[in-house]
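Below: one structure, written as structure tokens.
The values are calculated or read from the model by the stated rules, or taken from the named source; none is laboratory data. All figures in this text were calculated on a predicted structure; none of them were measured in a lab. Neighbour counts are summed over all protein chains in view; Cβ atoms, including those assigned to glycine, are modelled from backbone coordinates with ideal geometry. Protein only, heavy atoms only, side chains kept; ligands, DNA and RNA dropped before computing areas. Shrake-Rupley method; radii C 1.70, N 1.55, O 1.52, S 1.80 Å.
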Amino acid sequence: MNAMTEPTHFDRLSNQHLDALEEETIFILREVAAAFERPALLFSGGKDSLVMLKCAEKAFGVGRIPYPLLMIDTGHNFHEVTDFRDFRAKELGAELIVRSVEDSMARGTVRLAHPGESRNVHQSVTLLEAIDEFRFDALIGGARRDEEKARAKERIFSHRDSFGQWQPKAQRPELWTLFNTRLQPGEHFRVFPISNWTELDVWQYIEREKIALPSLYYTHKRDVVERKGLLVPVTELTPPKEGETIESRDVRFRTVGDITCTCPVESLAATAADIVIETLAADVSERGATRMDDKTSEASMEKRKKDGYF
């Protein structure tokens with residue numbers, strides 16, 4: 001998707017609703033701290049987790065976040081993002097726990113079909129192993145309902161059974177922001193404080209709060225090839241196929257994940273305000289426009305979530 005648009009008057013755009021979204025997010029973050037014994041905040045170094053981290057700072061104070069940060073590393077992440085993750089965690093004085101898909105491969109719990117297979121889907125195994133290792137009873141994630149239809153029907157407090165699986169037809173009602181957090185042994189919750197935010201809300205909040213992000217989110221030159229309607233970055237992990245033409249384009253990443261399944265969009269947006277304007281004109285969700293792993297089938301995300309995915 002081409003994200004380049006004509007200039008618009010940014011100053012005319014209201015962001016008053018951000019206060020209500022921030023208040024809800026802070027309430028949920030505090031609710032997790034009060035209701036669970038061993039929660040953790042999933043922290044990838046991406047824009048959504050950085051927004052949650054900012055809200056957590058406001059909820060508890062700088063350097064006083066009461067749960068550790070957890071990252072599941074495929075070993076194929078963009079170094080700009082992992083470097084920023086480490087920098088931000090150190091800056092906050094937060095405990096950062098990193099568990100790697102490569103360690104699961106060494107243990108034999110993850111087996112790739114072939115060496116070039118994306119490790120993204122296999123994060124579920126490593127995540128469930130980390131939950132078992134640290135006995136986490138709640139994981140706070142940055143998923144939003146506007147990203148993908150499987151996520152649109154998920155609760156804010158999303159129950160997982162003793163196998164770490166999501167059962168869409170067995171979700172608990174959430175009336176009047178009252179959350180049922182009861183658990184049986186071995187079960188846990190995935191909690192999504194920014195479920196009600198949109199991509200536009202996230203960027204407006206980043207602009208308002210002046211939240212620093214990895215450089216990949218802003219325009220830069222990158223070698224890409226066109227493949228199945230997406231711009232695929234040319235890397236050692238994603239080389240061009242026979243017949244494909246390498247082009248250098250001005251691009252940015254709307255979402256950042258595993259290199260093997262994350263694509264940029266064409267863009268000249270150099271600031272958060274520029275991206276707000278682009279997002280207003282976007283007609284495809286960020287995952288729909290940039291994620292190859294969501295193109296495999298109409299139900300690919302739902303299937304992964306049932307298997308324990310984020």
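A few points about this structure:
- Extreme residue, least open to solvent (accessible area, probe 1.4 Å), among residues of segment 10-46 that are part of a helix (DSSP H, G or I) and basic (Lys, Arg): 30
- Among the residues of segment 125-142, those identified as open to solvent by 10 Å² or more (accessible area, probe 1.4 Å) and in contact (Cβ under 8 Å) with a residue 60 or more places away in the chain are 125, 128, 134, 135, 136, 137, 142.
- Scan of segment 250-273 for residues that are closer than 15 Å to residue 13 by Cβ and surrounded by fewer than 21 Cβ atoms within 10 Å (Cβ to Cβ), ordered by number: 271, 273
- Conditions (1) closer than 28 Å to residue 39 by Cβ; (2) surrounded by fewer than 14 Cβ atoms within 10 Å (Cβ to Cβ): number failed by residue 217: (2)
- Subset of segment 149-208 [modelled with pLDDT under 95, farther than 21 Å from residue 42 by Cα and open to solvent by less than 30 Å² (accessible area, probe 1.4 Å)]: 171
- Residue 58 modelled with pLDDT of 95 or more, open to solvent by less than 50 Å² (accessible area, probe 1.4 Å) and under 21 Å from the mean Cα position of the chain (by Cα): no
- Test: residue in segment 65-85 that is in a loop (DSSP other than H, G, I, E, B), open to solvent by 50 Å² or more (accessible area, probe 1.4 Å), closer than 30 Å to residue 238 by Cβ and in contact (Cβ under 8 Å) with a residue 12 or more places away in the chain: no
- Qualifying residue in segment 239-260 (condition: at pLDDT below 95 and among the polar types (S, T, N, Q)): yes
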